[in-house]
Amino acid sequence: MKKAILFIFAMVFTSTLFAQRAAAVRPEKKAGFLKNDGTWLVEPNYEKLGNFSDGAAAIYKGGAWGFIDASGKIFIEPQFEKVKRFNSGIALVNNDKRWFYIDKTGKEVKMPDTDKFYDFNNGVAFIRKGDKIGLMNSKGEVVLEPTYDAIKGFVNGFSKVNNGETWGVIDNKGKVVVEPIYDEVSNFSDGIAVGKKGGDWGIIKNGNFTKVDNAVKIWKFRKGQELTYAEDSTDKLGYIDRNGKWIIPPTYKKARMFNMGLAPVSTSGKAWGYIDTTGKMVIAEKYKDAEFFSNDGLAPVKDGKLWGFINTNGEMVIDAKYGISSMSVAIGSVLGNSATVGFVDGLARVNYKKKWGFLKTDGSVLNDTWFKNAENFRKIK
């Protein structure tokens with residue numbers, strides 16, 4: 001019985017740990033990781049930090065890079081001049097101007113020869129031979145010989161590839177899921193891709209291309225989204241569904257994605273409001289700028305020069321006195337862009353009087369604390 005209780009406790013603890021998120025923050029000179037409950041995962045003791053990936057994050061101290069685990073403990077001592085993120089248990093590092101791969105013990109891992117080194121993403125890394133690109137997996141196996149002119153970054157296990165002048169899509173096993181016969185193509189989203197072929201824009205599903213009438217550009221579908229916006233020959237934007245049917249006529253000068261049943265649009269190009277999925281304007285066009293709603297039911301809107309947050313009824317619930325930005329604030333050299341603006345899981349990264357902090361949905365500030373720099377919260381593992 002005692003062993004069973006200990007096992008359950010370990011499972012609950014592990015689940016809680018891995019469900020947590022952490023943000024790289026710099027209160028003053030040193031940086032650390034703040035958990036989304038407001039406590040420190042890692043005290044601000046490091047000169048630079050990298051975001052968590054694969055249960056590990058890069059730390060810079062004493063002139064070298066090493067790695068910490070999901071508990072904040074150093075498991076690879078600082079010893080590298082440059083590092084990339086861990087993915088599938090492998091990271092790309094550099095010493096003495098030489099790039100090589102290591103595993104989570106810090107040991108070098110032999111990989112196939114390549115003319116240029118790339119870090120792992122979605123379980124694979126590029127290999128280059130001359131002008132051609134292929135793929136290898138984390139076991140060091142070549143899953144796709146270098147045959148393409150370009151392979152873009154993988155998203156949810158899929159990547160766009162170029163074969164001369166045309167584009168297609170492959171999965172992370174190197175299998176072709178969209179033949180490279182399109183002038184333009186998007187990544188897959190729940191079995192759907194957007195493509196342009198012979199001047200026509202349309203939907204790609206099950207290998208078939210369905211033209212969307214009068215569309216001169218279609219933006220990619222987001223995961224879980226039933227509608228995306230598209231532009232017609234009059235330079236106006238509307239919305240189509242996953243079958244390529246116009247659901248909301250193209251009458252807008254500017255538009256963004258739907259979430260929570262609402263999408264920000266601008267008829268004039270000067271003021272923004274929100275429509276529902278029938279095209280009805282439910283929040284008047286009165287904002288200088290507007291972003292889509294988060295799953296927390298709040299959306300950033302710009303009133304004058306600053307940003308506040310409205311609810312789905314159009315009520316300003318957090319006053320417009322903040323700056324928001326999707327760009328990284330450069331806590332470490334291996335950090336990428338913090339692409340999300342607005343609320344994620346109850347917290348929103350904002351700027352106030354040249355400091356960065358995290359708003360709660362009630363308008364209060366996490367720990368009532370502002371930082372010199374702060375990144376968005378990301379999953380620890």
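The values are calculated or read from the model by the stated rules, or taken from the named source; none is laboratory data. Since the model is a prediction, treat every value here as computed from it, not as a measurement. Every residue, glycine as well, gets a Cβ built from its backbone with ideal geometry; the counts of neighbours run over all protein chains shown.
Find the residue count for segment 241-262, including only residues that are part of a strand (DSSP E or B) and of a type in the set (F, W, Y).
Selection size over segment 241-262: 2.
Would you please name the residue that is modelled with the lowest pLDDT, looking only at residues in segment 342-381 that are out of contact with any Phe, Trp or Tyr (no Cβ under 6 Å at 6 or more places or on another chain) and among the small types (G, A, S)?
Filtering first and then ranking leaves G342.
Check K253, K220 and return the single one that is surrounded by fewer than 19 Cβ atoms within 10 Å (Cβ to Cβ) and within 29 Å of K175 (Cα to Cα).
Going through K253, K220 in turn, the sole match is K220.
Checking I283 against (1) among the aliphatic types (A, V, I, L, M); (2) more than 21 Å from I192 (Cβ to Cβ); (3) surrounded by fewer than 17 Cβ atoms within 10 Å (Cβ to Cβ): exactly one of these is not met. Which one?
Condition not satisfied by I283: (3).
Between I74, I68, which is more than 26 Å from K132 (Cα to Cα) and exposed (fewer than 15 other Cβ atoms within 10 Å of the Cβ)?
I74
Within segment 183-194, can you find the residues that are surrounded by 22 or more Cβ atoms within 10 Å (Cβ to Cβ) and either closer than 15 Å to G157 by Cβ or without any contact (Cβ under 8 Å) to a residue 24 or more places away in the chain (or both)?
S186, F188, A193
Between residues in segment 144-165 that are over 17 Å from G195 (Cβ atoms) and residues that are among the acidic types (D, E) and surrounded by 16 or more Cβ atoms within 10 Å (Cβ to Cβ), which pairs lie under 8 Å by C-beta distance while being six or more apart or on different chains?
Short answer, once both residue conditions are applied: G157/D171.
Out of the residues in segment 263-276 that are touching a strand residue (DSSP E or B) at 6+ places or on another chain (Cβ under 7 Å) and assigned to a loop (DSSP other than H, G, I, E, B), state the one that is surrounded by the most Cβ atoms within 10 Å (Cβ to Cβ).
T267
So which residues in segment 118-140 are within 22 Å of R85 (Cβ to Cβ), of a type in the set (D, E, K, R) and in contact (Cβ under 8 Å) with a residue 12 or more places away in the chain, if there are any at all? Let's see the steps before the verdict.
Here is the first cut: in segment 118-140, the ones within 22 Å of R85 (Cβ to Cβ) are 118-128, 133-140.
Going one step further and asking which of them are of a type in the set (D, E, K, R), we end up with 119, 128, 139.
Residues satisfying the conditions are D119, R128.
Show the residue pairs that are 6+ apart or on different chains and have beta-carbon atoms under 7 Å apart, the first residue being within segment 359-381 and closer than 23 Å to F86 by Cα, the second being of a type in the set (K, R) and at pLDDT 95 or above.
A374/R349; N376/R349
State all residues of segment 133-153 that are of a type in the set (A, V, I, L, M, F, W, C) and surrounded by fewer than 20 Cβ atoms within 10 Å (Cβ to Cβ); if no residue qualifies, say none.
Looking only at segment 133-153, we keep the residues that are of a type in the set (A, V, I, L, M, F, W, C), and these are 133, 135-136, 142-144, 150-151.
Correct list: V142, V143, A150.
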